[in-house]
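Below: the structure, in structure tokens.
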């Protein structure tokens with residue numbers, strides 16, 4: 001069964017060497033953009049989400065947090081500082097994260113999913129804990145753990161890359177395949193890139209969305225590509241692209257239609 005990656009702004013690591021870091025907790029929303037907000041005099045600070053408050057626990061202000069990080073044990077421990085960004089509405093979040101300190105932390109399992117119970121220094125009652133439901137916990141991107149060279153990547157750095165397909169023989173320039181829109185685990189040895197195929201490559205493959213003509217504009221051809229070094233030999237997060245060198249027939253076999 002496919003397990004979707006955490007949001008683009010979540011602290012998840014993905015490898016090209018076969019060993020993967022599994023996602024903790026139920027699948028979070030996918031359409032979450034990387035956030036850039038100012039804080040404590042710093043303009044344009046870039047943040048990464050490490051958790052989301054899912055509810056209150058008890059009467060003393062504890063909150064239940066779903067982790068969105070592979071470093072939860074380090075992020076959610078007493079004395080650790082983090083930032084709380086409030087949810088302004090169903091569709092919007094505020095741009096004024098507030099620093100807070102974790103005073104107490106413990107783990108619980110709810111319906112087979114791991115969660116953390118945290119006592120935050122600025123939340124002291126159940127009513128206050130209920131009020132922060134849906135808020136997100138953030139850290140600065142420069143506080144993330146160091147990665148293992150070009151073998152590990154954060155999900156937020158993979159989503160949005162332009163994917164290019166190497167041509168047979170390698171003499172011609174790579175052809176634009178599309179854009180990485182998600183990362184999945186649970187597909188076997190390797191993690192998997194979900195790539196939304198551009199119209200030009202769809203025509204090249206002779207594929208059209210298998211839906212009614214009236215719904216065709218709301219459908220998109222996508223392809224699942226194993227995130228293995230031999231298949232994805234180049235990942236240039238600074239340049240904003242990756243190169244795919246697929247075995248014969250791989251792309252055709254892994255195509256599917258996504259309905260929007």
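Descriptive notes on the structure:
- Among 201, 256, the order by Cβ neighbours within 10 angstrom, fewest to most, reads 256, 201.
- For the listed peptides 225-232, 54-61, 191-198, a ranking on the average number of other beta carbons within 10 Å per residue, highest first, reads 191-198, 225-232, 54-61.
- Ranking of 241, 153 by neighbouring Cβ atoms within 10 Å, starting from the fewest: 241, 153.
- Note on 222, 242: ascending count of other Cβ atoms within 10 Å places them as 222, 242, the fewest first.
None of the figures in this text is laboratory data; all of them are computed from the coordinates on show. Source: prediction; values computed, not measured. No Cβ is skipped: glycine too gets one built from the backbone with ideal geometry, and neighbour counts run over all protein chains shown.
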